[in-house]
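Remarks on the structure that follows.
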Amino acid sequence: MNKSNKKTLFFSNITGNIDENDIDVQFNNCMSKYIINNIDNEYSMIFIDAPGLGKEEYYLPNILRCFDKIKINFKDVLYVSKHTLKEDVDIFLKDNKKIVYFLMGGNPYSQLEIIDAFNLRESIKNHRDIVIGFCAGAINLSTHSIITSDDDFTKSDSYEGIGRENICIEPHYNDINDRKRNNELKFFSKRLNTKIYCIPDESIIYFENGKKYEKGKIYYIDCKAK
């Protein structure tokens with residue numbers, strides 16, 4: 001594949017409840033349109049878990065349900081968790097020519113541990129096809145990965161991300177008046193000297209060959225040193 005095939009999609013959430021057996025789950029309109037235009041049934045998917053927040057047994061079935069509703073049925077799917085055999089990952093990557101990496105939402109720390117355990121960081125960063133980051137996955141695909149404090153994480157944090165694209169993502173940005181969260185984002189923007197792209201649940205950001213596109217409303221936190 002040539003360089004022009006490198007594509008990356010960042011998004012925050014699906015419609016419906018990812019944490020239970022919800023037959024009504026679906027991708028939002030921006031997601032659906034993008035996927036229909038860029039993925040077909042010749043693709044296989046490598047799905048990377050982000051366990052630790054609970055109920056992750058529903059994640060993959062619900063994501064596959066979302067794809068099915070827009071008539072995308074993958075040739076093969078590999079669920080990558082801490083229990084996966086490395087030889088299974090190697091065989092999957094060797095045997096499938098058209099692959100989507102899907103980095104699931106959940107716990108970004110545990111997901112990155114899985115990625116590093118299988119030495120997938122460089123493969124994901126340089127993959128010359130489609131890589132999708134959902135919430136935690138979007139955080140980990142960023143150059144600087146940031147975590148703001150909430151019900152799941154009592155302390156904010158930042159660490160070096162995969163750097164799939166030169167961007168810093170904050171998902172689930174549905175309340176622009178959240179003062180505590182905004183102060184944390186401003187702190188990280190200034191400390192890391194980076195602009196932060198805040199994605200509401202109905203919006204997406206995608207890259208094609210290094211060029212950024214936005215669909216839906218995106219907010220920005222930019223406190224870079226002048």
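A compact table of results
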| read-out | value |
| --- | --- |
| Pairs where the first residue, in region 189-209, is over 28 Å from F27 (Cβ atoms) and the second is among the acidic types (D, E) and open to solvent by 40 Å² or more (accessible area, probe 1.4 Å), C-beta under 7 Å, 6+ apart | S189/D222 |
| Qualifying positions in region 53-76 - under 13 Å from F102 (Cα atoms) and β-branched (V, I, T) | I63 |
| Count - residues of region 153-169 that are open to solvent by less than 80 Å² (accessible area, probe 1.4 Å), out of contact with any Lys or Arg (no Cβ under 8 Å at 6 or more places or on another chain) and modelled with pLDDT of 95 or more | 5 |
| Set L64, L103: member being modelled with pLDDT of 95 or more, surrounded by 15 or more Cβ atoms within 10 Å (Cβ to Cβ) and in contact with a helix residue (DSSP H, G or I) (Cβ under 7 Å, 6 or more places away or on another chain) | L103 |
| Residue list for region 61-75, filter: over 20 Å from the mean Cα position of the chain (by Cα) and within 23 Å of L120 (Cα to Cα) | K75 |
| Among (1) within 17 Å of the chain's Cα centre (by Cα); (2) of a type outside the set (F, W, Y); (3) closer than 25 Å to D95 by Cα, the one test that S32 misses | (3) |
| Close pairs from region 53-75: first in contact (Cβ under 8 Å) with a residue 40 or more places away in the chain, partner among the aromatic types (F, W, Y) and open to solvent by less than 80 Å² (accessible area, probe 1.4 Å), Cβ under 6 Å, at least 6 apart | L60/F47; C66/F27 |
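The values are calculated or read from the model by the stated rules, or taken from the named source; none is laboratory data. Computed from a predicted structure; not experimentally measured. Counting neighbours? That spans all protein chains shown, and the Cβs are built from the backbone with ideal geometry, glycine included. Surface accessibility is based on the protein's heavy atoms, side chains included, excluding ligands, DNA and RNA. Shrake-Rupley method; radii C 1.70, N 1.55, O 1.52, S 1.80 Å.
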